[in-house]
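Asks: Would you mind keeping the following structure in view while I ask a few things?
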Amino acid sequence: MAAAAAVFAGVLVVTDDDKGSGGGSPDGVAEGPPGAPGSGDSDDSGGSEGSGDLVRPGHSSGPGGTTVVIGEASAGHTLDVYQDLRCPPCASFDQAVGPTIAKDIKAGKYKASFHFAAIVDENRGGSGSTNALSALGAALDVSPDAFLDYKDALMSSKNHPGDSKDSYADDDQLLTVSQEVYALKTNASFREALREGTYDPWAKKMIAAFDASGVSNTPTVKLDGSELTGISGSAPATAAEFTDAVNQELKG
């Protein structure tokens, strides 16, 4: 899916008054580049290596940078994707359905809003869900394409550790996976942000936003607020199931 993600270049949707890096910070939250000192919105529960100050990634919007929306602004529908980066069913969903989502966004069928949980961390212990999300924030600060390509690499069958291992708690493993993403391979700012835990507080904000969403399982997908399901009654397991569910919802 990493190749498919390139179709998203330049179509990250942010509000005009709430840009990412370099665009100011109307909500008083420090923004990228990685390593910039935080200001305001202090979060005492910041990561073990982070400063504890909330730094919002570039290319995010909304309170605390917890809105990550990709697609054409003119798209009349919104697909909400709820995932946990340590969740095996989420990885399977990404591998099976991700290319279809990429195609649909390119076609303007909908734009996609991404939400992330740490359910596996909470249920099994460890910190891989949260640590991987912090690293994904560092990728988002680089570019929307880097975010999407890195997410795909983290969720790939080659790299995903499954929920029984906490491999993504190890920064070295996250850096190894990042070598598959061209925009991150030699990006010193990304590496520094990952090592320093620059986006640890942001990851915690994203997780808190997920917890407040009312969604309890991952993966979950919603189109314009209506949950999409496959024949199993849970998230569609194949591209065909997903497309059928989307089309039925659009017919309304």
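Asks: Within region 153-162, how many residues are touching a residue at least 24 places away in the same chain (Cβ under 8 Å) and open to solvent by 50 Å² or more (accessible area, probe 1.4 Å)? Reasoning before the result, please.
Replies: Start the filter on region 153-162 by keeping residues that are touching a residue at least 24 places away in the same chain (Cβ under 8 Å), which leaves 153-157, 160-162.
Add one more test, that the residue is open to solvent by 50 Å² or more (accessible area, probe 1.4 Å), and what stays is 157.
Looking only at that region, the number is 1.
Asks: In this structure, is LEU148 closer than 20 Å to ASP121 by Cα and under 15 Å from the mean Cα position of the chain (by Cα)? Break it down into steps so the answer makes sense when it comes.
Replies: Details: closer than 20 Å to ASP121 by Cα: no; under 15 Å from the mean Cα position of the chain (by Cα): yes.
No, not satisfied.
Asks: Any idea which residue in region 125-152 is farthest from VAL177 (Cα to Cα), counting only those that are open to solvent by 10 Å² or more (accessible area, probe 1.4 Å) and either modelled with pLDDT under 95 or of a type in the set (Gly, Ala, Ser) (or both)? Break it down into steps so the answer makes sense when it comes.
Replies: Step one: list which residues in region 125-152 are open to solvent by 10 Å² or more (accessible area, probe 1.4 Å), which gives 125-127, 130-131, 141-145, 149, 152.
Narrowing the set further to residues that are either modelled with pLDDT under 95 or of a type in the set (Gly, Ala, Ser) (or both) leaves 125-127, 143-145, 149, 152.
Values: GLY125: 22, GLY126: 19, SER127: 17, SER143: 17, PRO144: 17, ASP145: 15, ASP149: 11, ASP152: 10 Å.
Only one residue fits best here, namely GLY125.
Asks: Looking only at region 113-124, count how many residues are open to solvent by less than 20 Å² (accessible area, probe 1.4 Å) and more than 22 Å from HIS59 (Cβ to Cβ). Reasoning before the result, please.
Replies: Keep residues of region 113-124 that are open to solvent by less than 20 Å² (accessible area, probe 1.4 Å), which gives 113-114, 116-118, 120-121.
Filter again for more than 22 Å from HIS59 (Cβ to Cβ), leaving 120-121.
Final tally of qualifying residues: 2.
Asks: Okay, next question. Which members of region 82-117 meet the condition of being of a type in the set (Asp, Glu) and not in a helix (DSSP H, G or I)?
Replies: Pass one, region 82-117, residues of a type in the set (Asp, Glu): 84, 94, 104.
Once the filter is applied, which keeps residues that are of a type in the set (Asp, Glu) and not in a helix (DSSP H, G or I), region 82-117 yields only ASP84.
Asks: If you take the residues in region 33-61 that are open to solvent by 10 Å² or more (accessible area, probe 1.4 Å) and assigned to a strand (DSSP E or B), which one is modelled with the lowest pLDDT?
Replies: SER42
Asks: Now for a different question. Name every residue in region 192-230 that is small (Gly, Ala, Ser), assigned to a loop (DSSP other than H, G, I, E, B) and open to solvent by 20 Å² or more (accessible area, probe 1.4 Å), in order of residue number. Show your work before the answer.
Replies: First pass over region 192-230, keeping only residues small (Gly, Ala, Ser): 193, 197, 203, 208-209, 212-214, 216, 225-226, 230.
So of that shortlist, the ones also assigned to a loop (DSSP other than H, G, I, E, B) come out as 197, 212-214, 216, 225, 230.
Listed by number, the residues that qualify are ALA212, SER213, GLY214, SER216, GLY225.
Asks: State whether the residues of region 62-79 include one that is modelled with pLDDT of 95 or more, farther than 23 Å from SER234 by Cβ, within 12 Å of the chain's Cα centre (by Cα) and part of a helix (DSSP H, G or I).
Replies: Checking region 62-79: at least one residue is modelled with pLDDT of 95 or more, farther than 23 Å from SER234 by Cβ, within 12 Å of the chain's Cα centre (by Cα) and part of a helix (DSSP H, G or I).
Asks: Out of the residues in region 231-248 that are closer than 18 Å to HIS77 by Cα and more than 24 Å from the chain's Cα centre (by Cα), which is surrounded by the fewest Cβ atoms within 10 Å (Cβ to Cβ)? Can you show your working first?
Replies: Initial filter on region 231-248 (closer than 18 Å to HIS77 by Cα): 242-248.
Narrowing the set further to residues that are more than 24 Å from the chain's Cα centre (by Cα) leaves 244, 247-248.
Working: ASP244: 15, ASN247: 10, GLN248: 12.
Applying the filter and picking the extreme gives ASN247.
Asks: Further question: Say we look at region 173-189 and pick out the residues that are open to solvent by 80 Å² or more (accessible area, probe 1.4 Å) and without any contact (Cβ under 8 Å) to a residue 40 or more places away in the chain; which of these is farthest from PRO88 (Cα to Cα)?
Replies: Keep residues of region 173-189 that are open to solvent by 80 Å² or more (accessible area, probe 1.4 Å), which gives 176, 180, 182, 185-186.
When the remaining residues are screened for being without any contact (Cβ under 8 Å) to a residue 40 or more places away in the chain, the result is 176, 182, 185-186.
On the way: THR176: 20, TYR182: 25, LYS185: 25, THR186: 29 Å.
If we take residues in region 173-189 being open to solvent by 80 Å² or more (accessible area, probe 1.4 Å) and without any contact (Cβ under 8 Å) to a residue 40 or more places away in the chain, then THR186 is farthest from PRO88 (Cα to Cα).
Asks: Looking at (1) surrounded by fewer than 23 Cβ atoms within 10 Å (Cβ to Cβ); (2) at pLDDT 95 or above; (3) in contact with a Gly (Cβ under 6 Å, 6 or more places away or on another chain), which is the one condition that is false for TYR110?
Replies: Failed condition: (3).
The values are calculated or read from the model by the stated rules, or taken from the named source; none is laboratory data. Just so we're clear, the structure is a prediction, and the values are computed from it rather than from any experiment. Cβ coordinates were reconstructed from backbone atoms using ideal geometry, including for glycine residues, and neighbour counts include every protein chain displayed. Each accessible area value is taken on the protein alone, full model and side chains, heavy atoms only, with ligands, DNA and RNA left out. Shrake-Rupley method; radii C 1.70, N 1.55, O 1.52, S 1.80 Å.
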